[in-house]
Amino acid sequence: MTTAVSPHRRVARVAALAMIALAMVVLTNAAVALATQGEEPVGTLSGEALITAGENLYGSQCVMCHGANGRGGELGPSLIGQGAASIDFVIRTGRMPLADAGDRPVHTEQKLTDEERRALVAFVPTLSPEGQRGPEIPEINDLSSASLTVGLELFTSNCAACHGPTAAGIAVGRRDVSSNLNIADPVEIAEAIRVGPGVMPVFGEEVIDADELDAIVAWVVHLREREAPGGLAVGRSGPVSEGVVVWLLGIGGLLSIIYLLGDRSGHEHTDLVDASGNPLDVDLLDRGIAVADARTGPGATPTTEADPT
Ligand code: HEC
Ligand code: HEC
């Protein structure tokens with residue numbers, strides 16, 4: 001029994017494409033909304049006003065664990081000796097404020113606003129006597145002029161043992177699965193080098209100077225861009241937007257597969273004829289389309305070969 005290529009198959013195909021397009025638009029909007037969330041204006045406070053704002057924030061966000069004047073408490077270590085780089089790093093990477101003292105600090109979204117971060121960075125180091133304050137936030141210069149060769153060498157000799165040759169992360173010690181370096185921004189990479197979070201050692205100026213710091217940061221960023229699928233450069237805008245992009249690609253892939261499967265189940269021979277009156281093998285035509293689709297769809301494979309019908 002044969003049927004003509006029904007218009008509704010064409011309609012279904014168009015509808016499927018329209019659904020995919022619509023889903024992409026909706027999800028992209030969601031991605032943009034998520035990515036821009038938290039990018040509040042950094043604010044205008046400075047000097048004493050900024051420090052006072054930081055003091056108040058310390059009282060509401062940190063004191064319960066780190067104690068009065070940052071001297072430490074039952075729930076958290078002393079912050080004496082923690083400088084601007086350290087405070088900026090823990091807040092940027094969402095490690096602090098910890099929700100529960102038993103939690104392990106891990107890299108997540110920043111939980112405070114940029115303005116709140118600036119205020120705490122201005123205040124917390126003032127708790128330490130002058131001369132005992134840890135490093136300032138390191139400056140990163142133009143990464144495009146940093147030497148990747150030097151970066152590779154320094155990364156291999158100083159970092160690869162713990163982070164793996166491609167910065168993908170390997171286990172060190174019992175509970176310290178060292179972070180893969182996929183989501184750290186350049187400034188966070190530089191801060192980590194100077195601060196040494198957790199069991200990571202501190203690398204001071206005398207070990208890694210400012211140019212070498214740039215070179216390592218440039219190398220880590222380069223590694224990441226090299227590993228990105230298809231050379232797709234996702235802006236380093238942070239874990240949220242990147243997660244959403246990965247998610248979008250995943251959903252796109254799934255929809256394409258669903259689309260191909262739907263296409264496959266619709267295979268029927270028809271009594272269409274070509275210009276000279278020979279019957280057209282629509283199945284074969286569709287197979288060509290499916291293969292072409294599969295080439296463009298991530299992870300999809302041509303599926304029409306074993307079609308029993
Ligand atoms: C619920 C308790 C808790 C809260 C709230 C908290 N912290 Fe922490 N903080 C900890 C604990 C516990 C550690 C040690 C984590 C570890 O290394 O496993 C820590 C570590 C740190 C460190 C690293 C210290 C070091 O010696 O390496 C800094 C810096 C820090 N916190 C700053 C802050 C700031 C600033 C705030 C407020 C915005 C804050 N924390 C809020 C519990 C807390
Ligand atoms: C002894 C092992 C060790 C060495 C050597 C080491 N790290 Fe780390 N690194 C760690 C661990 C463990 C963490 C996670 C610490 C934490 O979150 O408590 C970390 C965290 C980081 C982070 C933060 C990642 C994030 O997403 O927040 C960066 C960036 C980083 N390291 C870069 C480097 C670079 C660059 C070097 C070389 C100059 C280096 N590390 C050397 C163990 C190491």
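Just so you know, all these numbers are worked out from the coordinates, no wet-lab data involved. As the structure is a prediction and not an experimental result, all values here were calculated from the model. Glycine gets a Cβ as well: all are built from the backbone with ideal geometry, and neighbour counts include every protein chain shown.
For region 42-127, relative contact order (Cα pairs under 8 Å, six or more residues apart, normalised by length) works out to 40 percent.
Across region 107-122, coupling constants 3J(HN,Hα) worked out from phi with the 6.51/-1.76/1.60 Karplus curve, θ = phi - 60°, read 5, 9, 5, 4, 8, 9, 7, 4, 5, 5, 4, 4, 5, 5, 5, 6 Hz, and Gly and Pro carry x.
With a Förster radius of 25 Å applied to the beta-carbon distance between Thr126 and Arg104, the computed FRET efficiency rounds to 0.35. For Ala168 and Lys111, what does the FRET efficiency come to when R0 = 30 Å and r is the distance between their Cβ atoms, rounded to the nearest 0.05? For Ala168 and Lys111, the calculated efficiency is 0.70.
For Gly196, nonlocal amide neighbours, meaning residues 5 or more places apart or on other chains whose placed amide H falls under 5 Å from its own, are Phe203. Whole-Hz Karplus values for region 86-95 come out as 5, 5, 4, 4, 5, 7, 3, 8, x, 5 Hz, taken residue by residue from phi with 6.51 cos²θ - 1.76 cosθ + 1.60 and θ = phi - 60°; glycine and proline positions read x. Treating each Cα of region 104-176 as one equal point scatterer and applying the Debye formula with no solvent, the log10 of I(q)/I(0) at q = 0.20, 0.22, 0.26 Å⁻¹ comes out as -1.10, -1.06, -1.08.
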